[in-house]
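Values in this text are rule-based calculations from the coordinates and carry no lab data. Just so it is clear, the model here is predicted, and its values are computed rather than measured. Counting neighbours? That spans all protein chains shown, and the Cβs are built from the backbone with ideal geometry, glycine included.
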Amino acid sequence: MPNPGKPAEVKRKLGAKGYSKEMPSNVVALPAVSQVPEPLNPLSGSGLDLWDRTWRRGFSWLSANTDIQLLQITCEQLDERDQLRAYVLQNIEAWHERSALRELEKNIRSNLSLLGFTPTDRMKLGVAEVKVESKMEQLRKRQEQRDQVIVVEQPE
C-alpha cells in the first residue's frame, strides 16, 4: 500500500520543490467565532451537545457563514441516531433499521471529517500537529531535569 500524500502545508514547511515556505497570498482569514451561534433549527440531546462542543473547540477554523449548515445537518443526524439506536436496542429483529443506523453513523463520521474534527483533517487544515514523544526524547528530558542543579547561597 503506497504512502499517503502529504498536505500542501507540510510540503511548504519542509521547503519541497515548487512550494514557497510562505503562505500563498490568496488565503483568506476566517473571522473567529466569538460566541456560540444559535442553531438554525431546534436540536435536542446529543445534537445540541455536539453543536456547543463544536463551536467551542473549532472556533479557530469554523465559519459561522459557511459551515453552519453542514454542522446543523450533522447535529440533526446525531439526534436521529439517538432515536434510531434506542429503537434498534429494543427491537433486536429490526435489521433494516440496524443497517440504516450503521449508514447514518457513516454519514455523521464523514460530516465530522468535512468539518475538521478528525486528527487527520485537523492536520490537513494546519490546526493540529500530531507528535509522539519517542523513548529517547523522554529519557533526554528526564536527564535534563536531573542535571538541573539548584544553587543555594549560604550567608557568609
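Explain nothing, just compute: Karplus ³J(HN,Hα) = 6.51 cos²θ - 1.76 cosθ + 1.60, θ = phi - 60°, for every residue of region 82-96 in order, whole Hz, x for Gly and Pro.
4, 5, 5, 5, 4, 5, 5, 5, 7, 10, 4, 7, 7, 6, 5
Highest first, please rank the peptides 84-93, 139-148, 42-51 by the mean number of other Cβ atoms sitting within 10 Å of their residues.
Values: 84-93: 12.2, 139-148: 9.0, 42-51: 16.5.
Packing proxy ranking, top to bottom: 42-51, 84-93, 139-148.
Ranked by Cβ crowding within 10 angstrom, fewest neighbours first, how are ILE68, ILE73 ordered? Can you show the working numbers first?
Details: ILE68 18, ILE73 15.
The fewest-first ordering by Cβ neighbours comes to ILE73, ILE68.
Along region 113-122, what does the Karplus equation 6.51 cos²θ - 1.76 cosθ + 1.60 (θ = phi - 60°) give for ³J(HN,Hα), rounded to whole Hz, x for Gly and Pro?
My calculation for region 113-122 gives 5, 4, 7, x, 10, 10, x, 5, 5, 5 Hz in order.
Tell me whether region 48-144 comes out rounded, prolate or oblate; compute the Cα gyration tensor, take square roots of the eigenvalues as a ≥ b ≥ c, and use a/c under 1.5 as the rounded threshold. Before the final figure, lay out the partial values.
Numbers: a/c = 3.16, a/b = 1.70, b/c = 1.86.
Here region 48-144 falls in the oblate category.
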